[in-house]
1. For ALA120, work out the one condition from (1) more than 16 Å from ALA14 (Cα to Cα); (2) of a type in the set (A, V, I, L, M); (3) touching a helix residue (DSSP H, G or I) at 6+ places or on another chain (Cβ under 7 Å) it doesn't fulfil.
2. Can you confirm whether VAL74 is in contact (Cβ under 8 Å) with a residue 12 or more places away in the chain, closer than 21 Å to PRO109 by Cβ and not small (Gly, Ala, Ser)?
3. So which residues in the stretch 94-117 are touching a residue at least 12 places away in the same chain (Cβ under 8 Å) and over 22 Å from TYR43 (Cα atoms)?
4. Scan the stretch 40-60 for residues that are over 18 Å from the mean Cα position of the chain (by Cα) and of a type in the set (Lys, Arg) and jot them down.
5. Evaluate the following for LEU45: is it over 22 Å from PRO84 (Cβ atoms) and either among the basic types (Lys, Arg) or surrounded by 10 or more Cβ atoms within 10 Å (Cβ to Cβ) (or both)?
6. Scan the stretch 39-50 for residues that are assigned to a loop (DSSP other than H, G, I, E, B) and within 18 Å of GLN20 (Cβ to Cβ) and jot them down.
7. Among the residues of the stretch 61-79, are any within 29 Å of VAL115 (Cβ to Cβ), within 16 Å of the chain's Cα centre (by Cα) and of a type in the set (S, T, N, Q)?
8. Based on this model, can you work out whether GLY13 counts as surrounded by 14 or more Cβ atoms within 10 Å (Cβ to Cβ) and more than 27 Å from TRP116 (Cβ to Cβ)?
Amino acid sequence: MSPAIVRGQVEGGAVQGIGQALSERVVYDSESGQLLTASFMDYALPHVDVFRGFKTKFDTSVPCLTNTLGVKGVGELGTIGATPTVVTAVIDALDRAGLGRDAERVQMPLTSEHVWRALAREFAPAPLG
């Protein structure tokens, strides 16, 4: 409906996905269970000024056939691809740095500390689940 809104949704979603991959982390105190990343001073979010110059292009030639306006949803499009793309890029870089398949052991968020430790083959334990 509005190209500017669609672009904002997709680019904002991409920034959200990149933030999830690189910096966002919830931390609790292991003894008390108290949330330690309860404010934006402690929880790292991406800032819009770091992400400029996205090149987005949309193919609008095929309308949706299930509604009268022919419009499609775009709310999650940017987020869906951004996180695995960033993680895969970091894994590829670690592989090329000599880690081989061990590069796949790196855990999000891929902070500079996590990547540095991965280069020294010091991996965080796999999350419970």
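The values are calculated or read from the model by the stated rules, or taken from the named source; none is laboratory data. These figures come from a predicted structure and were not determined experimentally. All Cβ positions, even for glycine, are placed from backbone atoms using ideal geometry, and neighbour counts span all protein chains on display.
1. The one condition ALA120 does not meet is (3).
2. Taking the combined requirement at face value, the residue does not satisfy it.
3. LEU94, ALA97, LEU99, ASP102, ALA103, GLU104, ARG105
4. LYS57
5. On the way: over 22 Å from PRO84 (Cβ atoms): no; either among the basic types (Lys, Arg) or surrounded by 10 or more Cβ atoms within 10 Å (Cβ to Cβ) (or both): yes.
No: the conditions fail for LEU45.
6. Of everything in the stretch 39-50, those that are assigned to a loop (DSSP other than H, G, I, E, B) and within 18 Å of GLN20 (Cβ to Cβ) turn out to be PHE40, ASP42, TYR43, ALA44, LEU45, PRO46, HIS47.
7. yes
8. Numbers: surrounded by 14 or more Cβ atoms within 10 Å (Cβ to Cβ): yes; more than 27 Å from TRP116 (Cβ to Cβ): yes.
Answer is yes for this residue.
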